[in-house]
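Okay, structure first, notes after.
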Amino acid sequence: MSLSKFARAIAILCIAVSTSGCVRPLLAGSEGKRLLDEMSAIRIEPIPDRIGHYLGNELNFLLNGSRAEDQKYRLVIVLSQRIQTPIVDTVSGRATSATVLVDAEYRLKPIGSNNDIASGVAFTLMSYDRTSQRYSNIRAGKEAEVKAAKSLSEQIRMKLISDLSARP
C-alpha cells in the first residue's frame, strides 16, 4: 500500500470514529418506545378511492394498528393520482406501458384541534406493462396501485417518525 493510500485510509478511519457518536437510531431505547406509542395513537381518517383504501390499510399496519382507546392524533391525507402512457405501439395505437403517479399530502393534527403538528407531501410512481388483454391491464394497474400505496405509507411513516421525534 502506498503512502497516499495509507494516509487516505487513516483519514477515513479517523472521520468514521469521530462521527460514530453523531448518529443515533430513532426507535431505540425509551425514546423509541415513546415514539412507537405516539405512532400507535394516530387515527387515520378515511381516504377516498381504491388506492386510498390500500394506503389506509398499509399505514394502519405500519403505525402499529391504531388503538381506539388512546388516540391523540388524526392523520388526514389527500391523494392525487394520474396515469400516463408514455409508450404507444405505432401499429395498433395502443399503449404498451403505463405509469401510475400518486401524490399524497398529509397533515397530522391533534384530536379536537385543527392545528397541524406535522405536514408534508409524499409521492411515488409505479410502471406496469399493458397488453391487448383488458383484464390483464386492469389487474396490472391494481397491482401498481398496491405497490404505490406501500411506497407512500413507508415514506409517510418515516416522515412522521422524524417529525414526532423532533417534538419535546
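Quick notes on this one:
- Look at (1) charged (D, E, K, R); (2) surrounded by 15 or more Cβ atoms within 10 Å (Cβ to Cβ); (3) under 18 Å from I47 (Cβ atoms) and you find that R82 fails only one, number (2).
- Complete set of residues in the stretch 95-122 that are aliphatic (A, V, I, L, M) and either surrounded by 14 or more Cβ atoms within 10 Å (Cβ to Cβ) or in contact with a helix residue (DSSP H, G or I) (Cβ under 6 Å, 6 or more places away or on another chain) (or both): A95, A98, V100, L101, V102, A104, L108, I117, A118, A122
- Taken together, the residues in the stretch 110-129 that are charged (D, E, K, R) and part of a strand (DSSP E or B) amount to 1.
- Qualifying position, being within 21 Å of the chain's Cα centre (by Cα), in a strand (DSSP E or B) and free of Cβ contacts under 8 Å to residues at least 24 places away in the same chain, among R82, R74, R107: R82
- Considering P48, P25, the condition of being assigned to a loop (DSSP other than H, G, I, E, B) and either at pLDDT 80 or above or within 22 Å of I138 (Cα to Cα) (or both) is satisfied by P48 alone.
- Figure legend. Inter-residue proximity from the stretch 139-163: first residues farther than 19 Å from I44 by Cβ, second residues charged (D, E, K, R) and assigned to a helix (DSSP H, G or I), beta-carbon distance below 9 Å, spacing 6+ or different chains. Indicated pairs: K142/R50.
- Flag for S92 being polar (S, T, N, Q), loosely packed, with under 13 Cβ neighbours inside 10 Å and under 18 Å from G56 (Cα atoms): no
The values are calculated or read from the model by the stated rules, or taken from the named source; none is laboratory data. Computed from a prediction, not measured in an experiment: that's the story for all the values here. Because the Cβ atoms are built from the backbone with ideal geometry, glycine has one as well, and the counts that use them run over all protein chains shown.
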